[in-house]
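First comes the structure, then the notes that go with it.
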Amino acid sequence: MKFKLDTQTHPPTLSLIGDIDESSDFTKAEVPKSGAIAIDLSEIKHVNSMGLRAWVEWITKLKHLSPIFYRRCSSSVINQINILDGFLPRGSIVESFFVPYHCEPCDNTFNYLAQRGRDFREVTLEQPELNAIPTSMTCPNCGKMAEADIIEGRYLKFLKRSR
Ligand SMILES: [Zn+2]
(Lines give C-alpha, C1' and ligand atoms only; values in the text may rest on other atoms or scores of the structure.)
Protein backbone atom coordinates (compact mmCIF):
# COMPACT_ATOMS: atom_id res chain seq x y z
CA MET A 1 0.00 0.00 0.00
CA LYS A 2 1.26 3.49 -0.78
CA PHE A 3 2.35 5.54 2.19
CA LYS A 4 0.00 8.36 3.19
CA LEU A 5 -0.29 10.92 5.95
CA ASP A 6 -3.56 12.11 7.40
CA THR A 7 -3.73 14.82 10.04
CA GLN A 8 -6.61 15.66 12.35
CA THR A 9 -6.23 18.87 14.27
CA HIS A 10 -8.53 18.26 17.18
CA PRO A 11 -7.19 16.44 19.12
CA PRO A 12 -3.83 16.42 17.35
CA THR A 13 -3.73 12.94 15.88
CA LEU A 14 -1.59 11.87 13.00
CA SER A 15 -2.59 8.74 11.13
CA LEU A 16 0.06 6.91 9.17
CA ILE A 17 -1.26 4.64 6.48
CA GLY A 18 0.55 2.06 4.35
CA ASP A 19 4.10 0.76 4.43
CA ILE A 20 7.06 2.44 6.07
CA ASP A 21 9.80 2.14 3.48
CA GLU A 22 12.17 4.22 1.33
CA SER A 23 9.25 6.12 -0.21
CA SER A 24 7.76 7.21 3.13
CA ASP A 25 8.11 10.95 3.55
CA PHE A 26 7.60 12.05 7.13
CA THR A 27 8.74 15.63 6.54
CA LYS A 28 5.27 16.60 5.31
CA ALA A 29 3.66 15.56 8.59
CA GLU A 30 2.11 18.51 10.34
CA VAL A 31 2.89 18.29 14.02
CA PRO A 32 1.98 20.69 16.82
CA LYS A 33 4.59 23.05 18.26
CA SER A 34 4.16 21.73 21.77
CA GLY A 35 2.04 19.46 23.93
CA ALA A 36 1.03 15.93 23.21
CA ILE A 37 0.42 14.13 19.95
CA ALA A 38 -1.14 10.81 19.09
CA ILE A 39 0.07 8.78 16.15
CA ASP A 40 -2.38 6.20 14.84
CA LEU A 41 -0.41 3.22 13.53
CA SER A 42 -3.24 0.79 12.86
CA GLU A 43 -2.72 0.83 9.08
CA ILE A 44 1.01 0.15 9.04
CA LYS A 45 1.53 -3.28 7.50
CA HIS A 46 5.17 -3.50 6.51
CA VAL A 47 8.27 -1.76 7.76
CA ASN A 48 11.62 -2.18 6.03
CA SER A 49 15.10 -1.08 7.11
CA MET A 50 15.12 2.06 4.96
CA GLY A 51 11.78 3.08 6.35
CA LEU A 52 12.96 2.28 9.83
CA ARG A 53 15.85 4.68 9.50
CA ALA A 54 13.55 7.46 8.26
CA TRP A 55 11.13 6.77 11.11
CA VAL A 56 13.79 6.95 13.85
CA GLU A 57 15.21 10.14 12.34
CA TRP A 58 11.76 11.72 12.29
CA ILE A 59 10.48 10.57 15.68
CA THR A 60 13.64 11.69 17.51
CA LYS A 61 13.09 15.16 16.05
CA LEU A 62 9.74 15.31 17.85
CA LYS A 63 11.41 15.61 21.26
CA HIS A 64 9.50 18.84 21.93
CA LEU A 65 6.22 16.89 21.92
CA SER A 66 5.39 15.03 25.11
CA PRO A 67 3.99 12.58 25.46
CA ILE A 68 3.82 10.96 22.05
CA PHE A 69 1.06 8.37 22.15
CA TYR A 70 1.42 5.37 19.87
CA ARG A 71 -2.22 4.58 19.20
CA ARG A 72 -3.73 1.34 17.81
CA CYS A 73 -0.35 -0.12 16.88
CA SER A 74 -0.53 -2.89 14.29
CA SER A 75 1.39 -6.09 14.99
CA SER A 76 4.10 -4.98 12.51
CA VAL A 77 4.63 -1.88 14.61
CA ILE A 78 4.76 -3.88 17.85
CA ASN A 79 7.36 -6.19 16.27
CA GLN A 80 9.51 -3.18 15.36
CA ILE A 81 9.15 -1.70 18.86
CA ASN A 82 10.41 -5.00 20.27
CA ILE A 83 13.32 -5.27 17.88
CA LEU A 84 14.55 -1.69 17.81
CA ASP A 85 14.74 0.35 20.99
CA GLY A 86 14.78 3.62 19.04
CA PHE A 87 11.43 2.93 17.42
CA LEU A 88 9.79 3.99 20.68
CA PRO A 89 11.93 6.79 22.07
CA ARG A 90 11.75 8.08 25.62
CA GLY A 91 8.70 10.21 26.27
CA SER A 92 6.51 8.08 24.02
CA ILE A 93 3.81 5.76 25.26
CA VAL A 94 2.09 2.80 23.66
CA GLU A 95 -1.56 3.67 24.28
CA SER A 96 -3.14 0.68 22.54
CA PHE A 97 -2.15 -2.13 20.20
CA PHE A 98 -3.68 -5.05 18.35
CA VAL A 99 -3.34 -8.63 19.50
CA PRO A 100 -4.11 -11.26 16.85
CA TYR A 101 -6.27 -14.27 17.76
CA HIS A 102 -6.67 -17.50 15.89
CA CYS A 103 -9.63 -19.86 16.16
CA GLU A 104 -8.53 -23.41 15.54
CA PRO A 105 -12.03 -24.93 15.00
CA CYS A 106 -13.06 -22.56 12.17
CA ASP A 107 -9.66 -21.14 11.14
CA ASN A 108 -10.83 -17.58 11.76
CA THR A 109 -8.40 -14.81 12.67
CA PHE A 110 -9.33 -11.53 14.34
CA ASN A 111 -7.75 -8.73 16.34
CA TYR A 112 -8.34 -7.46 19.85
CA LEU A 113 -7.37 -3.90 20.74
CA ALA A 114 -5.40 -4.02 23.99
CA GLN A 115 -5.67 -0.80 26.02
CA ARG A 116 -3.02 0.62 28.34
CA GLY A 117 -4.18 0.57 31.95
CA ARG A 118 -6.83 -2.09 31.33
CA ASP A 119 -4.92 -4.80 29.48
CA PHE A 120 -1.31 -3.83 29.93
CA ARG A 121 1.11 -1.42 31.45
CA GLU A 122 4.85 -1.19 31.05
CA VAL A 123 7.22 -1.78 33.95
CA THR A 124 8.11 1.18 36.18
CA LEU A 125 10.43 1.62 39.12
CA GLU A 126 7.44 1.18 41.43
CA GLN A 127 5.72 -1.81 39.89
CA PRO A 128 6.21 -4.70 37.49
CA GLU A 129 4.56 -4.71 34.08
CA LEU A 130 0.87 -5.56 33.80
CA ASN A 131 -0.21 -8.22 31.35
CA ALA A 132 -3.96 -8.79 31.54
CA ILE A 133 -4.37 -9.51 27.84
CA PRO A 134 -6.79 -12.44 27.48
CA THR A 135 -4.99 -15.59 26.36
CA SER A 136 -8.22 -16.82 24.78
CA MET A 137 -11.40 -15.17 23.60
CA THR A 138 -14.74 -16.22 22.11
CA CYS A 139 -14.53 -16.44 18.34
CA PRO A 140 -17.06 -14.02 16.78
CA ASN A 141 -17.47 -16.43 13.88
CA CYS A 142 -18.23 -19.78 15.57
CA GLY A 143 -18.50 -18.99 19.29
CA LYS A 144 -15.74 -21.39 20.32
CA MET A 145 -12.56 -20.30 22.06
CA ALA A 146 -9.83 -18.65 20.01
CA GLU A 147 -6.27 -18.39 21.27
CA ALA A 148 -4.03 -15.33 21.27
CA ASP A 149 -1.72 -15.89 18.31
CA ILE A 150 1.41 -14.42 19.85
CA ILE A 151 4.53 -15.55 21.65
CA GLU A 152 4.18 -13.48 24.82
CA GLY A 153 7.88 -13.37 25.60
CA ARG A 154 8.45 -11.81 22.22
CA TYR A 155 5.33 -9.78 21.49
CA LEU A 156 5.10 -8.21 24.96
CA LYS A 157 8.83 -7.83 25.46
CA PHE A 158 8.59 -4.04 25.26
CA LEU A 159 6.50 -3.94 28.46
CA LYS A 160 9.53 -5.11 30.40
CA ARG A 161 11.70 -2.34 29.09
CA SER A 162 12.19 0.29 31.75
CA ARG A 163 11.58 3.74 30.26
ZN1 LIG B 1 -14.16 -19.82 15.25
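The values are calculated or read from the model by the stated rules, or taken from the named source; none is laboratory data. Computed from a predicted structure; not experimentally measured. Don't worry about glycine lacking a Cβ; one is built from the backbone with ideal geometry, like all the others, and counts go over all protein chains shown. Surface areas here come from the heavy atoms of the whole protein model, side chains and all, with no ligands, DNA or RNA. Shrake-Rupley method; radii C 1.70, N 1.55, O 1.52, S 1.80 Å.
Overview of results
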item: Crossing angle, helix 49-60 versus the chain [Cα axis fit, 0-90 degrees, rounded to tens]; result: 60 degrees
item: Normalised contact order of the range 4-94, rounded percent, pairs of Cα under 8 Å and 6 or more residues apart; result: 28 percent
item: Gain upon complete extension [Val56, Thr109; 0.36 nm per residue less C-alpha separation]; result: 16.0 nm
item: Amide H within-cut-off set for Ser92, under 5 Å, with H built and near neighbours excluded; result: Ile68
item: Modelled FRET efficiency - R0 22 Å, Lys63 with Ala29, Cβ distances, 0.05 increments; result: 0.90
item: Lys pairs under 19 Å by Cα in the chain, provided they are eight or more residues apart or on distinct chains; result: 8
item: Per residue accessible area in Å² of the chain, where ligands, DNA and RNA are left out and the probe is 1.4 Å; result: 56 Å²
item: Carbon + sulfur, % of accessible area of the chain - ligands and nucleic acids excluded, 1.4 Å; result: 51 percent
item: Relative contact order of the chain, pairs being alpha-carbon contacts under 8 Å that are 6 or more residues apart, as %; result: 16 percent
item: Per-pair calculated FRET efficiency, R0 = 35 Å: Glu22 and Arg121 via Cβ, rounded to 0.05; result: 0.50
item: For the range 72-155: rounded, prolate or oblate by the Cα gyration tensor [a/c cutoff 1.5]; result: prolate
item: Shape call, the range 4-94: gyration tensor on alpha carbons, a/c limit 1.5; result: rounded
item: Where the Cα pairs of the chain fall when distances are cut into 5 Å bins, in %; result: 2, 9, 16, 21, 19, 15, 10, 6, 2, 0, 0
item: Residue-by-residue Karplus 3J(HN,Hα) for the range 12-23, coefficients 6.51, -1.76, 1.60, Hz, glycine and proline x; result: x, 10, 10, 9, 9, 10, x, 9, 9, 8, 5, 8
